[in-house]
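Below is one structure, written out as structure tokens; comments come after it.
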Amino acid sequence: MRARDLLHLLSSKKRRTFSTTELASWSKGSEVAAGAMARRLRLAGVVDSPVRGFHVLTPDGRLAPPIEWLDELMQFCGESSSYAVAGWSAARLYGASFVPEEPLHVRLHSRRRSLTCASGRISFFTMQTSDLVHPRTLQTEHGRLMVSHQSEVLLELMMEAARSSGGVERVLPALAVVARGADPLTLARAASNAPLTWSCRLGYLLTRLGHHSLAHCLSPLLRDFLTTDTLLDPHGDTQGERNAEWRLVVNSRCRWKSTTPVTPLR
């Protein structure tokens, strides 16, 4: 099969990706021959192969950003129903345009090594709450994507606050945007399987942002199960004013005022 024939076939199928197995089927040859053909196409600048056996068309000689072929990649990897664009990347899709595009954060049920390719990086992670809340299927400018529900993104941002420098002040602007589309019942379901310290910090921050109904749904978890105080900013001082309602040591002022117009994705 010549490159011109392959491009015509993919165009007729409205496809921008294909696998070595599919190429072997279309060319009526072996997978070994199809692999050699894919290598020639890659050397000619027709395709790029971010994962072995998975190929993406490069019309202008450059590989498109990962978010544009993520859904096809997840289908190739057998994760089409279990992945979700999550955390920072989901916050960006929900209107937090100030969040950097890279890396692309993707939540999976099972562990997978992060992927680095010519056009960016995909950072995979797992999270317990993913069994309780189904991701949303959205049609975006990048095509079909599975995206974490806003209520779950709030908890994913708390995870980011706990494990990266900058703490809660770093995630607060994105939190303010995403909270507008969250709902209490879904948040309560997701939080029931997440670390209680995330709910402490999240409840306090939601109260500060004026989302009292969202914060209220987290209170029973703390009242029934939490027995010790936790730091609001896990990377800050151990000293601060105690907040009895949220069992927190408030060691961060969390000052932030939105000046960025937001256009949430519905």
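Kindly provide the set of residues from region 187-211 that are hydroxyl-bearing (Ser, Thr, Tyr), farther than 13 Å from residue 254 by Cβ and in contact with a strand residue (DSSP E or B) (Cβ under 6 Å, 6 or more places away or on another chain), ordered by number. Correct list: 197 only.
Taking region 134-158 as the range and being hydrophobic (A, V, I, L, M, F, W, C) and surrounded by fewer than 19 Cβ atoms within 10 Å (Cβ to Cβ) as the test, only 138 passes.
Out of all the residues in region 216-228, is one or more of a type in the set (Val, Ile, Thr), under 22 Å from residue 163 (Cα atoms) and either modelled with pLDDT under 85 or assigned to a loop (DSSP other than H, G, I, E, B) (or both)? Yes, the conditions are met somewhere in region 216-228. With respect to the conditions (1) touching an Asp or Glu at 6+ places or on another chain (Cβ under 8 Å); (2) surrounded by 20 or more Cβ atoms within 10 Å (Cβ to Cβ); (3) at negative phi, residue 170 falls short on a single one, namely (2).
Could you check region 1-70 for strands (runs of 3 or more DSSP E) lying wholly inside it with 2 or more residues that are among the polar types (S, T, N, Q) and modelled with pLDDT of 90 or more?
17-19
More than 12 Å from the chain's Cα centre (by Cα), under 22 Å from residue 127 (Cα atoms) and surrounded by fewer than 14 Cβ atoms within 10 Å (Cβ to Cβ): does that describe residue 113? The answer is yes for residue 113.
Assessment of region 68-80 against the conditions (assigned by TED's automatic domain parsing to the domain that holds residue 160, closer than 19 Å to residue 150 by Cα and among the aliphatic types (A, V, I, L, M)) yields no matching residue.
The values are calculated or read from the model by the stated rules, or taken from the named source; none is laboratory data. This is a predicted model, so every value here is computed, not measured. With ideal geometry, Cβ positions are generated from the backbone for all residues, glycine too; neighbour counts draw on all protein chains shown.
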